[in-house]
Amino acid sequence: MSASEKKVLIVGGGLASLACAIRLHEAGARPLVFERNDCVGGRVRTDQLDGFLLDRGFQVFLDAYPEAGDLLNKKSLDLRAFRPGALIYRTSGMLRIMDVFREPRHLMESALAPVGSIADKLRVARLRWRMMRLTTEEIAGHEDMTTENYLKRAGFSPPMIDGFFRSFYGGIFLERELQTSSRMFEFTFKMFSQGSATLPSRGMGEIPRQLASRLPPGTIRLGAQVTEVQPGSITLESGEQFHGDAVVVATDASTAAGLVSAGGTVGPVWRSVTCLYFAASRSPLRESIIALNGTGSGLVNNVCVPSDLAPDYAPPGRALVSVSVLGTVDPADLESRVLAELQAWFGGTVREWRHLRTYRIERALPRQAPGTGFAGPGFRKEAGVYLCGDHLWSASIEGAIISGLRTADAILKPS
Ligand SMILES: Cc1cc2nc3c(=O)[nH]c(=O)nc-3n(C[C@H](O)[C@H](O)[C@H](O)COP(=O)(O)OP(=O)(O)OC[C@H]3O[C@@H](n4cnc5c(N)ncnc54)[C@H](O)[C@@H]3O)c2cc1C
């Protein structure tokens, strides 16, 4: 049997799994995906509620992602872009910092905004220039440290780090301490410089839906919780057993650690987030932009209105407001505490907002400490099975897809 005719059992139906299955299928192999939930997508899913589209936690697709961009049909995702920049809430009012290379009319406003100094803004421009010229491979070879140390070393002032980077990158890394790997910072900074943060017009869940549609019928088995994994077989909770030529565990790292008992796989420390959705009669921002908390205190980290850029996120005449709170905070009265805080941002109109749903996501991102990402082949073989997922490259859509593709390549062409 040639490598490309292999039957491959894949545990999990997230983006890493789907990317792996597509590559295997296109090479003539026979992937079979086992997903415990009623839908593929893993951490990228969208629910419908009263005509609103609710992504399970605010997240964006960076349209400059190279490998995810190649795998996906971006045109049919109908990506809608956020404006390049951010509004920053201060108790004195809203400030605006834009990427002035793309929105030069905001040059003066951004340069003079009291968020860091003019020298800080020039450092941002220099960093942008440098990152755009580096390849991902070059970034992967850089010395790794915490993002906080990296920014200090690059000469950014404490007001710039505290007033901008902690909330902007806090929303990406899901931690304001900026303890995430500087390679991850450089990579995402490069992606933001080269492209836009986008949402598919029908929600983030369209990404896995599109990938799944490229697999032949019968490839994906939903509601299939895998309880045991062996080098050539898997067992479902129901007791059913499947045999294959290779087994891939494409779950999150903690689940993989439980399924593959080789002792080498350790569960990560997780970054958590709480995402609250509200229905409003009109958008408090009225533009496709992310608003950040630049006060250094309070619950809210960032706010946006997905329906401002992608109208299908809300029924006609309504606006969908997405609010991210880092960590999983005390749920008691959370909605009213958040609304009270946001009245200072947007005024009394907030009192009319209707709470739709709150997502508390304990396992949102694996902690990416310095030295843990962008290294190695993007997958691992342990106790005879392949492991893949975002934890083996970078905690992102791009990282999950790269890991899935590289796992498939390794199965197709074992060394
Ligand atoms: C709130 C939030 C915000 C984010 N923001 C961004 C962002 O802005 N940009 C970005 O690029 N990335 C972002 N990410 C990260 C990105 O979504 C993830 O890195 C990526 O989706 C991980 O994909 P994965 O396939 O590796 O893992 P997962 O999505 O976790 O997939 C694993 C799958 O395995 C299934 N599974 C687990 N155990 C079993 C079992 N025993 N049997 C069968 N199936 C099982 C799970 O149900 C799941 O479907 C964010 C993530 C979250 C949660």
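The values are calculated or read from the model by the stated rules, or taken from the named source; none is laboratory data. Note that the structure is a prediction, hence the values are computed from the model and not measured. So basically every Cβ, Gly included, is an ideal-geometry build from the backbone, and we count neighbours across all protein chains shown.
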Listed residues Gly41, Gly116, Gly57; which is touching a strand residue (DSSP E or B) at 6+ places or on another chain (Cβ under 7 Å) and either assigned to a loop (DSSP other than H, G, I, E, B) or within 28 Å of Glu341 (Cβ to Cβ) (or both)?
Gly57
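Give, as residue ranges, the helices (runs of 4 or more DSSP H) completely inside the range 125-195 that count at least 1 residues that are out of contact with any Leu (no Cβ under 8 Å at 6 or more places or on another chain), surrounded by fewer than 22 Cβ atoms within 10 Å (Cβ to Cβ) and among the charged types (D, E, K, R). Even if it seems obvious, please write down each step before you answer.
Values: elements: 136-140, 147-153, 166-173, 182-194.
Here the list reads 136-140, 147-153.
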So Ala64 clears everything in (1) touching a strand residue (DSSP E or B) at 6+ places or on another chain (Cβ under 9 Å); (2) within 12 Å of the ligand (Cβ to nearest atom); (3) under 30 Å from Gly294 (Cα atoms) except one condition, right? Which one?
(1)
Residues of the range 1-17 satisfying the condition of being among the charged types (D, E, K, R) and either surrounded by fewer than 17 Cβ atoms within 10 Å (Cβ to Cβ) or near the ligand (Cβ under 7 Å from one of its atoms) (or both):
Glu5, Lys7
Across the range 243-260, what is the number of residues that are hydrophobic (A, V, I, L, M, F, W, C) and at pLDDT below 95?
5
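Would you mind stating whether Ser307 is at pLDDT below 95 and not in a strand (DSSP E or B)?
Values: at pLDDT below 95: no; not in a strand (DSSP E or B): yes.
Against the criterion (at pLDDT below 95 and not in a strand (DSSP E or B)), Ser307 does not qualify.
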Ala64 vs. criteria touching a residue at least 12 places away in the same chain (Cβ under 8 Å), of a type in the set (Gly, Ala, Ser) and closer than 30 Å to Ile22 by Cα
yes
Residue that is farthest from the ligand (Cβ to nearest atom), among those in the range 160-199 that are basic (Lys, Arg) and farther than 15 Å from Asp63 by Cβ:
Arg166
Which of the strands (runs of 3 or more DSSP E) found entirely inside the range 200-302 contain at least 3 residues meeting this: within 12 Å of the ligand (Cβ to nearest atom) and small (Gly, Ala, Ser)?
none
Could you tell me which residue of the range 111-124 is modelled with the lowest pLDDT, considering only residues that are under 22 Å from Glu186 (Cα atoms) and not aliphatic (A, V, I, L, M)?
Gly116
Six or more apart or on different chains, Cβ atoms under 9 Å: show the pairs whose first residue is in the range 279-294 and under 16 Å from Ala81 (Cβ atoms) and whose second is of a type in the set (Lys, Arg).
Glu287/Arg83; Ser288/Arg80; Ser288/Arg83; Ile289/Arg83; Ile289/Arg96; Ile290/Arg83
Of the residues in the range 42-52, those that are over 9 Å from Met204 (Cα atoms) and surrounded by 20 or more Cβ atoms within 10 Å (Cβ to Cβ) number 3
Of the conditions (1) in contact with a Pro (Cβ under 9 Å, 6 or more places away or on another chain); (2) within 16 Å of the ligand (Cβ to nearest atom); (3) closer than 30 Å to Leu259 by Cβ, Gly384 fails just one. Which one is it?
(2)
Looking only at residues that are closer than 16 Å to Ala364 by Cβ and in a loop (DSSP other than H, G, I, E, B) in the range 44-54, which one is farthest from the ligand (Cβ to nearest atom)?
Arg45
Mind listing whichever residues of the range 18-41 are more than 10 Å from the ligand (Cβ to nearest atom), hydrophobic (A, V, I, L, M, F, W, C) and crowded, with 24+ Cβ neighbours inside 10 Å?
Ala21, Leu24
Check on Ser403, within 18 Å of Glu186 (Cα to Cα), buried (at least 16 other Cβ atoms within 10 Å of the Cβ) and in the same structural domain as Gly232 (by TED's automatic domain parsing):
no
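In the range 202-245, what residues are polar (S, T, N, Q) and under 23 Å from the mean Cα position of the chain (by Cα)?
Initially, the range 202-245 is screened for residues polar (S, T, N, Q), giving 210, 213, 219, 225, 227, 230, 233, 235, 238, 241.
Correct list: Gln210, Ser213.
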Could you pull out the residue among Arg96, Arg83, Arg130, Arg126 that is closer than 24 Å to Pro158 by Cβ, basic (Lys, Arg) and either touching a helix residue (DSSP H, G or I) at 6+ places or on another chain (Cβ under 7 Å) or in contact (Cβ under 8 Å) with a residue 60 or more places away in the chain (or both)?
Arg96
